1. State whether one or more residues within segment A:73-93 are touching a residue at least 60 places away in the same chain (Cβ under 8 Å), surrounded by 20 or more Cβ atoms within 10 Å (Cβ to Cβ) and in a helix (DSSP H, G or I).
2. Among the residues in segment A:42-58, are any open to solvent by less than 20 Å² (accessible area, probe 1.4 Å), facing chain B (nearest Cβ under 9 Å) and of a type in the set (D, E, K, R)?
Amino acid sequence: MDTISTIENLPFAAALRPEAITDPTSDHALLEATRIGDEDAFAELVSRYRNQITSYIYRMTSDYDGAVDLAQETFVRVYRAADRYQTNYAFSTYIYRIATNLAISELRKRKRRKLVSLTGFYQSRDGGEPIEFNPADDKPLPDVELVDTERRQAVQRAISTLPEKYRAPLILRDVEGRSYEEISRILETSEGTVKSRISRARGFLREKMTAYL
Amino acid sequence: MGTMNCQNVRRAIEAADRGDLLSVAAAEHIRGCAVCEKLNDEHLKLRDIVANLGTVKAPEDFDFRLRARLAREGTAGARTGLNKFAFGFRSLAFASLMVVFAGTMLVMSLRSPQQIANMPEQPTIEAPVAAASPFQPPIGSPAGATTPVAVTADRPPRRSENSKRERTGSRDMASTRAPVVRTSDLTAHATDFPIDASPKAVKVSMDDGRGSSRTISVPTVSFGSQRVLSQSNSPLVASARGAW
């Protein structure tokens with residue numbers, strides 16, 4: 001029987017190697033290059049994630065201009081903290097976590113400023129935070145495309161009324177398509193909690209969207 | 001799984017991801033329950049709508065704005081950092097200066113009374129006892145002409161005198177008394193007049209009290225053939241007259 005002398009001989013050695021070493025175009029490698037002053041590497045990272053992050057923050061905040069600003073702030077923070085970045089998790093997890101924190105901070109700021117809808121509140125099913133009610137629009141829809149557009153807008157509005165603890169996992173899972181494991185890392189909660197919150201969020205959303213379904 | 005009621009099926013439907021198949025028991029329940037079937041259909045539609053929301057694109061000038069922001073914040077950050085440093089350094093320097101100044105003033109204020117208290121008393125130069133006086137008034141000389149002035153500190157010495165004394169830095173280095181020449185000695189042992197007439201030069205070493213000393217060498221003095229004691233005047237008298 002051969003003795004395994006080094007880690008390289010292990011059958012899963014490839015999985016243990018840092019991504020940055022194996023793939024020079026990986027996110028880790030680009031951030032490593034950014035750390036030593038390679039502006040092009042950072043530009044590549046931005047081009048990879050700018051749409052995803054902007055879209056994610058927009059889904060969270062329902063404010064495009066604000067989402068663009070927060071997406072830029074996300075990249076600024078990534079750039080500034082490049083020296084402290086550790087490759088324990090995927091870069092996407094890292095950047096989504098920053099974006100989530102910024103979006104939640106923004107939502108809390110808005111709540112403090114009382115920038116809420118005047119349509120009233122409905123108490124959530126679990127007796128938690130109050131959630132806004134979006135009544136269905138009863139006017140006739142002339143066109144299928146318009147129906148789709150209207151439906152999307154309604155979904156967006158319905159999502160924006162979800163409590164933040166349900167909103168983020170729902171968007172990450174059903175809109176962004178992230179895995180439960182990654183979501184739990186982004187939100188720094190357990191997978192069980194993530195699954196539970198996503199289920200509840202879907203239930204809330206269905207109740208709000210009944211008129212469109 | 002045991003019996004599937006509507007509540008369990010509802011949970012299963014909400015927990016299922018897009019494309020996931022429900023369990024056989026849940027599927028059977030849905031087929032037989034109109035409410036749960038409707039619920040399942042709504043969830044499937046909703047899942048499709050949400051999944052097709054799509055990605056909102058960032059604006060075209062996103063990179064440009066980001067670069068500008070990084071440059072602006074970098075410059076501002078550097079400037080702010082320098083300002084902070086400058087302000088901090090200035091404050092620190094000023095504070096240090098104040099502490100040093102205050103410390104100096106404190107030490108000086110504490111030291112002055114202590115110094116006065118510890119100041120050595122004006123040494124009392126006692127008048128030499130007549131028998132032990134090295135300069136007994138010579139015969140025929142006016143009394144007290146060469147007698148050292150006896151200063152008694154009746155009152156505390158003034159500071160100016162003391163400081164003057166300290167400034168000059170004179171110190172009494174003598175450890176032994178000077179030999180006493182009595183008149184009787186002069187008359188009885190005329191030949192033993194204690195003047196060192198050796199040909200060796202006299203050396204006087206002076207210390208100014210600051211560590212620098214000077215040695216003055218006085219050449220041998222010859223008195224010639226003059227008889228000192230045959231005349232009635234002693235050399236001390238001559239000294240008093242300023243003949244030397």
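1. So far as segment A:73-93 goes, yes, one or more of its residues are touching a residue at least 60 places away in the same chain (Cβ under 8 Å), surrounded by 20 or more Cβ atoms within 10 Å (Cβ to Cβ) and in a helix (DSSP H, G or I).
2. No, every residue in segment A:42-58 fails to be open to solvent by less than 20 Å² (accessible area, probe 1.4 Å), facing chain B (nearest Cβ under 9 Å) and of a type in the set (D, E, K, R).
Condition check ((1) more than 8 Å from chain A (Cβ to nearest Cβ); (2) surrounded by 13 or more Cβ atoms within 10 Å (Cβ to Cβ); (3) acidic (Asp, Glu)) across all residues:
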position: B:29; (1), (2), (3): yes, yes, no
position: B:32; (1), (2), (3): yes, no, no
position: B:37; (1), (2), (3): yes, yes, yes
position: B:43; (1), (2), (3): no, yes, no
position: B:49; (1), (2), (3): no, yes, no
position: B:56; (1), (2), (3): no, yes, no
position: B:60; (1), (2), (3): yes, no, yes
position: B:64; (1), (2), (3): yes, no, no
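The values are calculated or read from the model by the stated rules, or taken from the named source; none is laboratory data. Just so you know, these numbers come straight off a predicted model, no measurement behind them. Neighbour counts run over all protein chains shown; Cβ positions are idealised from the backbone, glycine included. Protein only, heavy atoms only, side chains kept; ligands, DNA and RNA dropped before computing areas. Shrake-Rupley method; radii C 1.70, N 1.55, O 1.52, S 1.80 Å.
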